[in-house]
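Worksheet: the structure to be examined is printed underneath.
The values are calculated or read from the model by the stated rules, or taken from the named source; none is laboratory data. A quick note: this is a predicted structure, and the numbers were derived from the prediction, not measured. Areas reflect the complete protein model, heavy atoms only, side chains present, ligands, DNA and RNA absent. Shrake-Rupley method; radii C 1.70, N 1.55, O 1.52, S 1.80 Å.
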Amino acid sequence: LNKIFDTHLYVVYKNIYINVLLLKHLYIYINVLIKTFIYINKYLYKWVDEQTIIDVLTKRTYNQRREIAFAYERRAKKDMISALKGALSGSLETVILGLMKSTAQYDASEIKASIKGLGTDEESLIEILCSRSNAELKEIKKVYKELFKKDLEKDVAGDTSGDFAKLLLALAKRDEPSSIIDYQKIDEDARALYDAGVKRKGTDVKCWISIMSERSVPHLQKVFERYKSYSPYDMQESIRKEVKGDLEKSFLTLVQCFENKQLYFANRLQDAMKSKGAKEKVLTRIIVSRCEVDLKKIRQEFKAHHGKSLYQTIAEHTKGDYQRALLSLCGGDD
C-alpha cells in the first residue's frame, strides 16, 4: 500500500514540476512577444519617411504649408505640428518646425528664445533687430504680443542694458521713415556722425543712435558716402575704433545691412561654415528666415564674394537629413 501511495505521490509531484516548467517557458515566451511587439510598434509602425517630409515641406511656401497642415488635421484628426514633433528630432526637427511658422512668427520665437532663461543670446538679438526693416519689425512686435502676451520692447529692455539696450529699443520703437532722401540733411548728418565720434575724444553714442534709427535706408546710404569726405575712415572703420562689444556688433550690423543686406547675410553664412562642421543655430536661422524673403540674392552675393556657391558650402559642412533639408531650401547650385 505504501509503495502504491509513494508511486502516486511521485507522479503528482512530477506533473506539478512539468507544469511549472511549462509555465516558466510560457512566461518567457510571452515576454519575448511583448518586447517584439513594442519593437515593431516603435520602429515599424511608427517608421518615419524623413525624405518625403523634406520634399513636401521645403518645396512649398508658408501659406501652402498651412493649407497642408489644415488638410492633415482634417484627415488624421490630429495636429500636424504635434505629429512632426513626435516623428522628428535634432537639427531636422528644428528646420521643419521653423518652416511651419510665418517669417514674423519665426523671428518672434527666435527673439523670445534668445532672452529666455539664464543669459542672453545677444548674437541672435543683434542679427534680427538690426537687420529687419521697420515694416518687418512692426509685424514681429505684433506677433510677439499675440504669441507670448508680452511687449517685445519690455522683454528686450529687461534682458539688456546700457547703450546696447538703448540702440535695440530705438530700433524696435522706430516709426517707418520716409524713403525720400532729404538732400539738405545728408551733409548735416554726415558731419554730426563725424563730430560725435572720430573727431572728438569719446563717442556721443546718443547722436549715432538717433541718426541710424530715425533715417531711411536710402538717406543713410548717401550719408555714409558723404561721411568719407569728413573722416579718414569709412563708417564701419569708425565704429570699430569708437565702440566695442555688443554695441560695436550692433552698429556694424546696421551699417552693413544699410549698405547691402544680402551681402551681410552671405558673410554671416560664410562665418558659420568657416571651420569643419557648421554653427547650426546661425545657419538654420538665416536659411529658414530668409528662404521666402531674399535667399536667392544672398546666394548670388555668396558666390560673388566667397568664390564658391552656397549650395556647395552647405553640402561640405552638413550631413544627413539636416543637409538635405537645407539644400532643398537653398534651391540650387549657382
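Odds and ends about this structure:
- Phi angles of region 254-269 translate, via the Karplus equation with coefficients 6.51, -1.76, 1.60 and θ = phi - 60°, into HN-Hα couplings of 4, 5, 4, 6, 5, 7, 6, 4, 5, 5, 4, 5, 4, 5, 5, 5 Hz per residue; Gly and Pro are given as x.
- For the chain, the share of accessible area belonging to carbon and sulfur comes to 54 percent (1.4 Å probe, ligands and nucleic acids excluded).
- Sorted largest first, extent of region 187-334 alpha carbons per principal axis (Å): 54, 27, 25
- Integer Hz, Karplus 6.51/-1.76/1.60 couplings in order for region 207-223, x for Gly and Pro: 5, 4, 4, 4, 5, 6, 9, 10, 10, 6, 4, x, 5, 5, 4, 5, 4
- Computed [θ] at 222 nm, helices only, for the chain once each DSSP H run of length n ≥ 4 contributes -39500 (n - 2.57): -24000 deg cm²/dmol
- For region 322-327, putting each phi into the Karplus relation 6.51 cos²θ - 1.76 cosθ + 1.60 with θ = phi - 60° gives couplings of 4, 4, 4, 5, 5, 5 Hz, in residue order, rounded to whole numbers and with x for Gly and Pro.
- Shape descriptor for region 119-271: Rg over Rh equals 0.96 (Cα atoms; Rh from the Kirkwood inverse mean 1/r).
- Once you reduce region 57-93 and region 267-311 to the center of their Cα atoms, the two points are 25 Å from each other.
- Along its principal axes, the chain has C-alpha extents of 128, 42, 41 angstrom, given from the largest down.
- Entries of LYS173/LYS279; LYS228/LYS261; LYS138/LYS308 with Cα pairs more than 25 Å apart: LYS173/LYS279; LYS138/LYS308
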